[in-house]
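Each remark here refers to the structure printed beneath this line.
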Amino acid sequence: MSIPWILPAPAVRKRVVLVGCSPRDLSSGGWATFVCDAARALRIDLVIIEKPGCWVERSEYSQWYEALLPAGPWWSNPPIEDMANHIVATIRAYGKKVDGIIAFREPLLATVSRAAQQLGLPFQPAESYDVATDKYKLGIFEGRKSLCASTGLRLERGPAVPADSFCLVLVMLASAGKILL
């Protein structure tokens, strides 16, 4: 690709690690095809880290990536506390130079940012992803009255404000067993 008004010279080949593929394959509406097509057009070699048994392991998708690195037993969604360390170890064990690391699955954004920082790669602050992907923290950041309830009883006692003065949004966090308002 070398369109002078977009890129003054052909794109230099890069290697980027994609952490977590679309949970759905193409026939189910997965987004991975768009990522892989864009990577190919921009001369980006994809290395994918995904849990074993993912649809992307099938032979018909092998041309999409340079390598598929199986995630170990540490893989979880939402991520466990030291998952960034495991991602870093997996990338280092791959042994090739990596130019970037990305994720498109929301629960993985902060973890991948921490891994990129450890690897000395470009990153955005993980704290910004922590706030942006947590409705309770985002509400506090935006100055809204927010409540985090871990039980239905706490939810019933809720904030003492008129019902017409705020918008009620309930979000169940499976990992924490909490309800967010």
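The values are calculated or read from the model by the stated rules, or taken from the named source; none is laboratory data. Being a predicted model, the structure only gives us computed values, none of them experimental. All Cβ positions, glycine included, derive from the backbone under ideal geometry; neighbour counts span all protein chains shown. Ligands, DNA and RNA are excluded from the accessible area calculation, which covers all protein heavy atoms including side chains. Shrake-Rupley method; radii C 1.70, N 1.55, O 1.52, S 1.80 Å.
Overall, the accessible surface of region 33-89 at a probe of 1.4 angstrom is composed of carbon and sulfur to the extent of 56 percent.
Region 1-66 and region 81-153 have their alpha-carbon centroids 21 Å apart.
Once all protein chains are placed together, Thr90 keeps about 30 Å² accessible to a 1.4 angstrom probe. A simple spin-label model places the labels of Glu81 and Lys97 3.7 nm from each other, with each point 7 Å out along Cα-to-Cβ. Each of Arg43 and Glu106 was given a label point 7 Å from its Cα along the Cα-to-Cβ line. The distance between the two points is 3.6 nm. With an 8 Å Cα cut-off and a minimum separation of 6 or more residues, compute the relative contact order for region 1-111 in percent. Averaging sequence separation for qualifying contacts and normalising by length gives 31 percent for region 1-111.
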